[in-house]
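Presented below is the structure to which this report refers.
The values are calculated or read from the model by the stated rules, or taken from the named source; none is laboratory data. Note that the coordinates shown come from a computational prediction; the quantities given were computed from them, not determined experimentally. Heads up, the Cβs are rebuilt from the backbone with ideal geometry, glycines too, and the neighbour counts pull from every protein chain shown.
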Amino acid sequence: MATDDARIDTGSVYDYVVVGAGSAGSAVAARLSEDPGCRVALLEAGPADRNPLIHIPAAFSELFESKLDWAYRTVNQPKLGGRQIFWPRGRMLGGSSSINAMMWVTGFAADYEEWAAAAGPEWGPDAIGAVLRRVEAFTAAPDGAAHGKTGPVRVERQRSPHPLTGRFLEACAALGMPGVQTAVTQHAGRRWSAADAYLKPARPRPNLVVYTGALATRVLFHDRRATGVRYLDGRRVGSVAARREVILCGGTVNTPQLLMLSGVGPAEHLQQRGVKLVADLPEVGRNLRDHLAAGIVVKTKNTKSLISGRTPAGFARYLARHEGPLTSNVGEAYLFTKSEDGLDQPDIEVLFAPVAFLDEGLTRPKEHGYTISAVLQKPRSHGTITLSTLDPTAAPRIDPAYLTDADGLDYATLTRGMALCEKIAAAPQLAPFNDGYMLLPGLSGPDLYEASIRRYAQTLYHPVGTCRMGSDAGSVVDPELRVRGIEGLRVADASVMPAIIRGHTNAPSMVIGEKAAELVKDADRAGRRG
């Protein structure tokens, strides 16, 4: 019987070894284990997803900097006041889908046309859309009844949206920019993570072993074929062998780190670090892109914010009926817009949260307020993940190089987005509730934008691209997600995205996991026929 606390003996042999139980890895492991004739091992560095705060939607920031969070920090960002930016990433079953804001925002057709241009039509909008339709199961609150779809990923309307969210949407409509109330990955008012969607239904299968507390430290090779994974479980070092394939699903930070620790990456960088080279792939860790957010925090009057859920009455309402502020995903509404005329596609997302989101989510607000943020959707700036040390328990060096594009277009776009945030906040639908800015009071216009970006801009938690997929020889993985120059090794997570989408990355990461499982199964069938 599959169990999240099984212990794998050193040298155990499986058909497939999957590293990382996040949005993609959960899908890969569950789909591969549908074949009772193969054995699948899933290694996850963190624990099981038993902490109650995981399942209370509005509590996700309470998990930041906990043992369930990798709690990464970037290197100092010169364009952001020299600050290190906090990068929370889920370290538990479900990965970041167990710690995120549950927003099901799947992107535009144009995004996947970019993927198709890089990796072929099987990664285009029609193919991606078909997988999305297969995995989604839209439900309607409050009864949670499925509406014609039986996919593994439950997506709900919000059960108790805040009244200010409606005001925000009215303001957007009045300004000619219709917004959207966020669809959320929840079921009956509880978070619905990739672990809920994929791993829990697969858990009874005897051919799936889910191993928690197992930090993958190295991919093992025989010549240039991946044969298994070495892991660290506390002080214990072990290994699992793979008869067929190893599939890395650690995410945009951990996957390139593991590849480089294993000798797969830029030759010069690895040789400088003293790593024995297995394959020279210069783009491992390159092409890092992320959505940068900057906005305004408004103090409110005549209304309460989401912090009212952190009261005995709020908890009692949630526990009794799974209703109220604690069901909120925080980012309750959004819109996509073009920051200037002449653009073919939106370049800004505007997010609305009926709470003061302070200090990158690390400081609990004491006053009622709301947050409107502009999110840079197609950054021209790109950064790197490199090794800071050969210690696999230490974080790699993360440098997203925010706002460093030579022409300064990223900064200009983000400031135009912030101007739109100001305009929405001043609209008649929201103005009666405004009581001044909570941060940077007295500033407005360009002075506000510059100060807000420098002092408070943060990630929207969507890093991608560090193991870029493509048909060209320079890409890290080919369109079938196989690592170039290596046999028996694939990557399936957000690191393979050849371009960042206009949207949020949880949904396409699950799609990548689904497609990876299909590709592996197809290869296995072809091998058997051969």
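Of all the numbered requirements in (1) more than 27 Å from Ser98 (Cα to Cα); (2) in contact (Cβ under 8 Å) with a residue 24 or more places away in the chain, Gln158 misses one, and that requirement is (1).
Here Asp493 does not fit the description of being modelled with pLDDT under 95, surrounded by 15 or more Cβ atoms within 10 Å (Cβ to Cβ) and either within 24 Å of His291 (Cα to Cα) or of a type outside the set (Lys, Arg) (or both).
Please indicate, with yes or no, whether at least one residue in segment 84-105 is closer than 30 Å to Pro346 by Cα, among the aromatic types (Phe, Trp, Tyr) and assigned to a strand (DSSP E or B). Within segment 84-105 (the criterion being closer than 30 Å to Pro346 by Cα, among the aromatic types (Phe, Trp, Tyr) and assigned to a strand (DSSP E or B)), the answer is yes, since at least one residue qualifies. Checked against the criterion of being under 24 Å from Pro201 (Cβ atoms), surrounded by 20 or more Cβ atoms within 10 Å (Cβ to Cβ) and touching a Ser or Thr at 6+ places or on another chain (Cβ under 8 Å), segment 76-85 contains not a single residue that satisfies it. List the pairs whose first member sits in segment 413-431 and is in contact (Cβ under 8 Å) with a residue 40 or more places away in the chain, whose second member is surrounded by fewer than 20 Cβ atoms within 10 Å (Cβ to Cβ) and assigned to a helix (DSSP H, G or I), and whose Cβ atoms are under 7 Å apart, counting only residues at least 6 apart or on separate chains? From segment 413-431, the pairs are Ala427/Ala174; Gln429/Glu170; Gln429/Ala174.
Taken over segment 497-524, the criterion of being in contact with a Gly (Cβ under 8 Å, 6 or more places away or on another chain) and either free of Cβ contacts under 8 Å to residues at least 40 places away in the same chain or closer than 14 Å to Gly20 by Cβ (or both) is satisfied by Ser509, Gly513.
Cβ-Cβ distances below 6 Å connect the following pairs, each with a first residue in segment 302-327 that is closer than 23 Å to Met102 by Cα, a second residue that is of a type in the set (Val, Ile, Thr), and a separation of six or more residues or different chains: Ser305/Val355; Leu306/Val355; Leu326/Ile56. Is it fair to say Gly465 is touching a strand residue (DSSP E or B) at 6+ places or on another chain (Cβ under 6 Å) and either small (Gly, Ala, Ser) or surrounded by fewer than 20 Cβ atoms within 10 Å (Cβ to Cβ) (or both)? Against the criterion (touching a strand residue (DSSP E or B) at 6+ places or on another chain (Cβ under 6 Å) and either small (Gly, Ala, Ser) or surrounded by fewer than 20 Cβ atoms within 10 Å (Cβ to Cβ) (or both)), Gly465 qualifies. Note on segment 186-241: enclosed strands (runs of 3 or more DSSP E) holding 3 or more residues that are in contact (Cβ under 8 Å) with a residue 60 or more places away in the chain, hydrophobic (A, V, I, L, M, F, W, C) and surrounded by 18 or more Cβ atoms within 10 Å (Cβ to Cβ) are 208-211, 215-222. From the residues in segment 419-443 that are part of a helix (DSSP H, G or I) and of a type outside the set (A, V, I, L, M), which one is surrounded by the fewest Cβ atoms within 10 Å (Cβ to Cβ)? Among those residues, the one meeting the criterion is Pro432.
Counting residues in segment 262-285 that are hydroxyl-bearing (Ser, Thr, Tyr) and closer than 29 Å to Ala194 by Cα gives one or more.
Of all residue pairs spaced 6 or more apart or on separate chains, those with beta-carbon atoms under 9 Å, a first member in segment 390-409 that is at positive phi and a second member that is charged (D, E, K, R) are Ala401/Lys79; Leu403/Lys79; Leu403/Asp410. Condition test on Arg134, is it assigned to a helix (DSSP H, G or I) and of a type outside the set (A, V, I, L, M, F, W, C)? So Arg134 passes the test. Using the structure shown, decide if Lys276 is more than 22 Å from the chain's Cα centre (by Cα), closer than 30 Å to Phe221 by Cα and either part of a loop (DSSP other than H, G, I, E, B) or not basic (Lys, Arg) (or both). Spelling it out, Lys276 is indeed more than 22 Å from the chain's Cα centre (by Cα), closer than 30 Å to Phe221 by Cα and either part of a loop (DSSP other than H, G, I, E, B) or not basic (Lys, Arg) (or both). Taken over segment 468-484, residues that are buried (at least 16 other Cβ atoms within 10 Å of the Cβ) and assigned to a loop (DSSP other than H, G, I, E, B) amount to 9.
Each residue in segment 242-268 was checked for being surrounded by fewer than 24 Cβ atoms within 10 Å (Cβ to Cβ) and not in a helix (DSSP H, G or I), and 5 of them qualify. Against the test of being basic (Lys, Arg), within 30 Å of Leu215 (Cβ to Cβ) and within 22 Å of the chain's Cα centre (by Cα), the options Arg133, Arg157, Arg91 yield a single qualifying residue, Arg91.
Applying the condition of being in a helix (DSSP H, G or I) and within 25 Å of the chain's Cα centre (by Cα) to segment 308-328 and asking which residue is surrounded by the fewest Cβ atoms within 10 Å (Cβ to Cβ) yields Leu326. Could you go through segment 444-455 and let me know if any residue there is part of a helix (DSSP H, G or I) and of a type in the set (S, T, N, Q). The answer is yes, given that some residue of segment 444-455 is part of a helix (DSSP H, G or I) and of a type in the set (S, T, N, Q). Taken over segment 361-381, the residue count meeting the criterion of being part of a loop (DSSP other than H, G, I, E, B) and of a type outside the set (Asp, Glu) is 10. Of all the numbered requirements in (1) more than 16 Å from Asn254 (Cα to Cα); (2) touching a helix residue (DSSP H, G or I) at 6+ places or on another chain (Cβ under 7 Å), Asp472 misses one, and that requirement is (2).
Being assigned to a loop (DSSP other than H, G, I, E, B), among the polar types (S, T, N, Q) and either surrounded by fewer than 16 Cβ atoms within 10 Å (Cβ to Cβ) or in contact with a helix residue (DSSP H, G or I) (Cβ under 7 Å, 6 or more places away or on another chain) (or both) is not true of Ser61.
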